[in-house]
Every structure is written in structure tokens, then in C-alpha cells.
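Beneath this line is the structure, given in C-alpha cells, with notes to follow.
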Amino acid sequence: MLEQDIERVLFSEEELDKRVSEIAAEINRDYAGKEPMLISVLRGSFVFMADLTRKIEVPCTIDFMSVSSYGKGTTSTGQVQITKDLSDDIEGKDIIVVEDILDSGNTLSYLMELLRARKPASMKLCTLLDKPDRRVKEVHVDYSGFAIPDEFVVGYGLDYAEKYRNLPYIGILKPRVYGGEG
Ligand code: 5GP
Ligand code: MG
Ligand code: MG
């Protein structure tokens with residue numbers, strides 16, 4: 001079972017639900033009278049996106065894009081590739097980019113620049129997790145769920161080698177799973 005590969009649970013289902021509600025409340029307040037477009041960065045943010053959007057009470061639209069920067073390893077390469085672009089135009093829209101985790105910042109600094117060039121009316125970043133200790137490129141975050149230490153986490157959408165996304169909580173993976181000690 002997947003459970004055996006988890007060293008410890010960092011955020012339970014209940015803790016995630018509570019924090020996602022708080023973020024949604026902030027967005028509801030900030031976007032009153034507006035109609036934001038939420039952009040989910042696949043694949044890691046799909047669970048967070050689904051939970052977050054169901055707590056958003058202002059009218060909104062959604063779109064998805066996919067970038068890859070990782071392969072199977074656990075550290076960023078700095079090489080970012082768009083593997084699936086948005087379906088809709090963002091020019092003049094109030095966009096909120098929804099990410100699973102901000103780590104080195106390589107992926108998001110590239111992505112935010114790319115989206116900015118398409119001239120949205122406004123652009124904010126919402127990330128569920130943030131590993132500030134690992135930052136290489138500066139990225140401005142508007143909504144952040146939890147700051148976490150430098151450990152590799154999985155679950156609630158986040159994978160290791162495409163697995164563990166279906167875990168309903170966020171946990172720290174046993175290092176032996178990815179070839180480390182432990
Ligand atoms: P960055 O470019 O900021 O270094 O990396 C961002 C991406 O790396 C995230 O969107 C995520 O896909 C992946 N990532 C970074 N840290 C972790 C982690 O602890 N666990 C998992 N599963 N993915 C991570
Ligand atoms: Mg991501
Ligand atoms: Mg991944």
C-alpha cells in the first residue's frame with residue numbers, strides 16, 4: 001500500500017480543508033464584484049484546484065496548463081517546458097495561477113513571465129505549499145497555504161514518479177523510496 005512509503009503525515013485532510021477554506025475566503029473578499037479566471041498548473045495542483053474552486057463564491061472561470069520541469073527526480077532542473085497550453089485567452093482577465101508547491105521558483109518565475117506577456121488585467125499567484133529555504137528565483141506569492149521545510153512531500157495531488165497523487169493528505173516520503181537513506 002502507498003501508506004507504507006510515508007514517513008509521516010504533514011497535513012491531514014482536515015487541516016487541508018480548513019486552510020483551503022481560509023484561502024478561498026480571502027479570494028472571495030479580494031475578488032468581490034470581479035470574475036477571476038483560475039489557472040491550474042497541472043498536474044500537481046488538480047486536487048487543490050478542485051477543492052479551492054468549490055469554496056469560491058464569486059463567479060469564476062477555470063483553465064489548465066501543464067509545464068514540466070522535473071522528470072522523475074526530486075530537484076528542479078531549471079528547464080521549463082510547456083506541455084499543454086491554456087485553452088482560453090487571458091488578455092484583460094483577472095487571473096489567479098493555482099500551484100501545488102513553490103520550491104526553487106524556477107517553474108513559476110518562468111510561467112508568470114510568460115503569462116504576464118499575454119496582458120491579463122491582473123495576475124495573482126496562489127500556492128498551497130511553499131518551501132522558502134529552497135528559493136533560487138524570487139517569486140511574489142499572493143496566497144500561500146503552508147510554508148514547509150525542505151523535505152520531499154507527496155499526496156493531495158503531488159507525486160513522486162507520478163504516484164501518490166491520490167493520497168488524501170500530504171505526507172513526507174520515506175527517503176528510501178527515492179533512493180536516499182531511511
Ligand atoms: P520549482 O521550479 O519551484 O523548483 O519546482 C516546482 C515544481 O516542482 C512543483 O510544481 C512540483 O511539481 C515540484 N516539486 C517541488 N518540490 C516538491 C515536493 O516536495 N514534492 C513534490 N511531489 N513535488 C515537488
Ligand atoms: Mg506544480
Ligand atoms: Mg511532480
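Taken together, the values in this text are just the output of simple stated rules run on the coordinates, not laboratory data. This is a predicted model, so every value here is computed, not measured. Glycine gets a Cβ as well: all are built from the backbone with ideal geometry, and neighbour counts include every protein chain shown.
Listing for the model above:
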read-out: Proximal aspartates and glutamates relative to K84, as straight alpha-carbon distance under 18 Å, when same-chain residues fewer than 8 apart are discounted; value: D63, E99, D100, E113, E162
read-out: Per-residue [θ]222 nm for the chain (sum of -39500 (n - 2.57) over DSSP H runs n ≥ 4, rounded to 500); value: -6500 deg cm²/dmol
read-out: Computed log₁₀ I(q)/I(0) - Debye formula, equal Cα scatterers, no solvent, the stretch 2-174, q 0.11, 0.15 Å⁻¹; value: -0.43, -0.82
read-out: Additional length obtainable on full extension of the chain from S122 to Y178, 0.36 nm per residue less Cα span; value: 16.2 nm
read-out: Under 15 Å, Cβ to Cβ, from N166 - net charge with Lys/Arg +1 and Asp/Glu -1; value: -4
read-out: For the stretch 29-45, Karplus couplings with θ = phi - 60° (6.51, -1.76, 1.60), whole Hz, Gly/Pro x; value: 5, 5, 10, 4, x, 10, 9, x, 10, 8, 10, 8, 8, 6, 9, x, 8
read-out: Interchain or long-range residues, amide H under 5 Å from L38's placed H; value: T61, I62, D63, I96
read-out: In order through the stretch 11-18: 3J(HN,Hα) via Karplus (6.51 cos²θ - 1.76 cosθ + 1.60), integer Hz, x for Gly, Pro; value: 9, 6, 3, 5, 5, 5, 4, 5
read-out: Sorted by Cβ neighbour density within 10 Å, fewest at the top, the residues Y143, Y164; value: Y143, Y164
read-out: Ranked M123, M1, criterion: other C-beta atoms within 10 Å, fewest first; value: M1, M123
read-out: Derived scalar couplings ³J(HN,Hα) [the stretch 52-60; Karplus, 6.51 cos²θ - 1.76 cosθ + 1.60; whole Hz; x for Gly, Pro]; value: 4, 5, 6, 9, 8, 9, 7, x, 8
read-out: Inter-site label distance for D150 and K55 at 7 Å from Cα along Cβ, in nm; value: 3.0 nm
read-out: Packing-based exposure ordering (other Cβ within 10 Å, fewest first) of R135, R8, R116; value: R8, R116, R135
read-out: Built amide H within the under 5 Å cut-off of Y156, gap 5+; value: L167, Y169
read-out: The stretch 2-174 - share of DSSP beta bridges that are antiparallel (%, nearest 5); value: 35 percent
